[in-house]
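None of the figures in this text is laboratory data; all of them are computed from the coordinates on show. Predicted model, so just to flag it, every value in this text is computed and none were measured. Glycine gets a Cβ as well: all are built from the backbone with ideal geometry, and neighbour counts include every protein chain shown.
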Amino acid sequence: MRPSVFSKLVIASGNKGKLREIAHLLAPLHINIIAQAELNVSECEEPYCTFIENALAKARHASKHTGLPALADDSGLCVDALQGAPGVLSARYAGEPKSDQANNEKLLSVLGAEKNRQAHFYCVIVLVRHEHDPEPLIAEGRWAGEILSEFRGQDGFGYDPLFLDAKTGKTVAELPLEIKSRISHRGHAMAKLLLQLERLSHD
C-alpha cells in the first residue's frame with residue numbers, strides 16, 4: 001500500500017460498535033484510523049434509498065471536511081417478508097432519537113406471527129482518496145440468516161440479538177468479535193476491499 005495516500009484514514013461513522021469492527025478489520029494494514037468525530041466532522045445526511053449512494057455521500061462528506069482519504073460503511077437489515085425493510089432506515093427504523101432497543105421492538109411488532117423470518121444483513125464499503133475521487137473503491141457483502149422472536153446474547157449492536165446465523169446456530173450478539181468479523185456482511189465487504197487495496201499497492 002502507498003503510505004503517502006493511506007497512512008491516515010477517516011472513518012465516516014459515529015457508531016461506536018461499527019467503528020470497533022472496522023478498526024479490528026483494518027488492524028493488519030497498520031493505518032492510522034481516525035473517527036470523524038475526533039476531527040469535529042458532523043454526521044452526514046443520508047437521504048438516498050440505496051446503501052451505495054448513502055455510503056458515497058458519507059465518504060465524500062468526511063473527506064471534504066478533513067482533506068483526508070475517507071472510508072464509509074452503509075449497512076442494514078433487509079427482511080424478506082417486509083420487502084427489504086428496514087433497509088437503509090435500519091438505524092432509525094423506530095424514528096428519532098436512534099435506539100437499538102426501539103428498533104428491535106418495532107421489528108418484532110411488525111413481523112408479529114409472520115412465518116417467513118428470512119433476512120440478510122447487507123453492507124457496502126466505500127473508500128475515497130479525496131472528496132472528488134472519480135474512482136472510489138467499492139466493496140459489498142451479505143450475511144444470510146433469520147429473525148428470532150426473542151432476544152439472545154449480550155454483545156454486538158443494532159439487530160444483533162435477533163439475527164440468527166444458520167451456520168453457527170447463534171445470534172450475532174452471541175458471537176465473539178473475531179468470528180463475527182470473519183463471517184459477517186461487513187467482514188465479507190472488508191475482505192473484498194482489502195484485496196483492492198493490495199492490488200493498488202502493486203500498481
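Structure above, values below:
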read-out: Relative contact order of the chain, defined on C-alpha pairs under 8 angstrom at six or more residues apart (%); value: 19 percent
read-out: Spatial extent of region 134-179: Rg and Dmax, with the Cα atoms as the point set, Å; value: 13.2, 45
read-out: Stokes-Einstein translational diffusion, region 160-203 - Kirkwood Rh over all Cα pairs, 0.692 mPa s, 37 °C, in µm²/s; value: 282 µm²/s
read-out: Over the chain: helical MRE at 222 nm, DSSP H runs n ≥ 4 each giving -39500 (n - 2.57), nearest 500; value: -10000 deg cm²/dmol
read-out: Links that overshoot a 30 Å alpha carbon limit, given the list LYS98/LYS180; LYS106/LYS180; LYS58/LYS167; value: LYS58/LYS167
read-out: More than 15 Å apart - percent of Cα-Cα pairs taken over region 46-97; value: 52 percent
read-out: Residue-count net charge about GLY14 - beta-carbon cut-off 15 Å; Lys, Arg +1, Asp, Glu -1; value: -3
read-out: Charge sum, other residues only, whose C-beta stays under 14 Å from ASP80's C-beta, Lys/Arg counted +1 and Asp/Glu -1; value: +1
read-out: Fraction in percent of alpha-carbon pairs per bin - 5 Å, region 1-111; value: 2, 11, 19, 20, 19, 13, 8, 5, 2, 0, 0
read-out: Added length on full extension, which subtracts the Cα-Cα distance from 0.36 nm per residue, ALA37 to LEU200; value: 55.9 nm
read-out: Total formal charge among the other residues, if their Cβ is under 14 angstrom from that of ASN54, Lys/Arg +1 and Asp/Glu -1; value: -3
read-out: Sorted peptide list for 156-167, 31-42, 83-94, criterion being average Cβ within 10 angstrom, highest first; value: 156-167, 83-94, 31-42
read-out: Cα-based Rg / Dmax (Å) for region 100-203; value: 16.6, 54
read-out: Alpha-carbon Rg/Rh ratio, for the chain, with Rh computed the Kirkwood way; value: 0.97
read-out: Label-point gap, in nm, between ARG92 and ARG152 - each point 7 angstrom along Cα→Cβ; value: 3.2 nm
